[in-house]
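Participant: Take this structure, written in structure tokens, and hold onto it; I'll ask about it next.
Every number in this text was worked out from the coordinates using simple rules, so none of it is lab data. Not measured: the values here are computed from a predicted model. Positions of Cβ are backbone-derived with ideal geometry, glycine not excepted, and every protein chain shown enters the neighbour counts.
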Amino acid sequence: MSSDLLASWGLCKVGDWQLGGQYQSAKHLKHLPNITFTVDKDFDRPGNFVYAFVFRDESCCECRYVGVTTKSLSERFEGYRYGNTKKSDTDNRIKLPITDALKERKTVEIWAASPVAILATPDGPKELAVSKSLEAVLISKMKPNLNKAS
């Protein structure tokens, strides 16, 4: 199960996507219903995050996208919520399946972590963000269908 693998790599469920909200979509996506999200306040600050979108219904739990950001998750997800005026943009590529899944009454969970490696240095231990490395590992292992690299 996708969520078990995400948890084994240190990610936890930090929010959800929902239909509704006051936020409109980009002009070429106006035909879609509004979507919004909730994110745990601990992840609503700038950081080095790896995140995943898990689509779930009664019979299936599938990680469909893995990404990274140094922004707060809310700031990053505004792009997915609104879409982008460039039709081929990643925000649109992710927004459409999230919206479709929610219309089909599936849940779309947000999982995230802020992974660090501790390096031993002559001046003492130093933390090094490893979110980009973990993103690559998760994409390789899970092959989420919304990641171009999968």
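Participant: Please give the net charge around GLN24, taking every other residue with its beta carbon less than 11 angstrom from that of GLN24, where Lys and Arg add +1 and Asp and Glu add -1.
Facilitator: +3
Participant: If you don't mind, there's one more thing I want to ask. May I ask for the longest run of the chain untouched by GluC sites (Glu not before Pro) that are loop-located per DSSP and have at most 13 neighbouring C-beta atoms (other than their own) within 10 Å?
Facilitator: Here the longest segment lacking exposed loop sites spans 1-57.
Participant: So how much slack lies between ALA120 and GLU104, counting 0.36 nm per residue of separation and subtracting their Cα-Cα distance, in nm? Numbers along the way, then the final one.
Facilitator: Details: separation 16, 0.36 × 16 = 5.76 nm, distance 4.94 nm.
Fully extending the segment from ALA120 to GLU104 adds 0.8 nm.
Participant: May I ask you to derive the relative contact order of the range 1-139, considering only C-alpha pairs under 8 Å and at least 6 residues apart, and to give it as an integer percent?
Facilitator: Answer for the range 1-139 is 31 percent.
Participant: Residues with beta-carbon under 12 Å from that of SER72, excluding SER72: net charge, scoring Lys, Arg +1 and Asp, Glu -1?
Facilitator: Taking every other residue near SER72 into account, the sum is -1.
Participant: Nearest 10 degrees is fine. How inclined is helix 131-142 to the longest principal axis of the chain, computing both from alpha carbons?
Facilitator: Tilt relative to the chain: about 60 degrees.
Participant: Roughly how many debye, to the nearest 20, is the charge dipole of the chain about its Cα centre, given +1 on each Lys and Arg Cβ, -1 on each Asp and Glu Cβ, and no other charges?
Facilitator: Roughly 620 debye, rounded to the nearest 20.
Participant: Further, regarding this structure: Among the trypsin sites (Lys or Arg not before Pro) within the range 8-52, which fall in a DSSP loop and have no more than 13 other Cβ atoms within 10 Å of their own Cβ?
Facilitator: Within the range 8-52, the qualifying trypsin sites (Lys or Arg not before Pro) (loop, at most 13 other Cβ atoms within 10 Å) are LYS30.
Participant: Pairs LYS126/LYS148; LYS30/LYS141; LYS71/LYS95; LYS106/LYS126; LYS87/LYS126; LYS30/LYS132: which are spaced more than 30 Å apart, C-alpha to C-alpha?
Facilitator: LYS126/LYS148; LYS30/LYS141; LYS106/LYS126; LYS87/LYS126; LYS30/LYS132
Participant: Rounded to the nearest 500, what is the 222 nm mean residue ellipticity of the chain from helices alone, with -39500 (n - 2.57) per DSSP H run of 4+ residues and division by all residues?
Facilitator: -8500 deg cm²/dmol
Participant: Which length gain, in nm to one decimal place, applies between LYS41 and LEU128 when the Cα-Cα distance is subtracted from 0.36 nm times their residue separation? The partial results should precede the final answer.
Facilitator: Numbers: separation 87, 0.36 × 87 = 31.32 nm, distance 2.26 nm.
Once the chain is fully extended between LYS41 and LEU128, it gains 29.1 nm.
Participant: Out of the trypsin sites (Lys or Arg not before Pro) in the range 58-102, which ones are loop residues according to DSSP with at most 12 other C-beta atoms within 10 Å?
Facilitator: In loop regions of the range 58-102 (DSSP not H, G, I, E or B), the sparsely surrounded trypsin sites (Lys or Arg not before Pro) are LYS86, LYS87.
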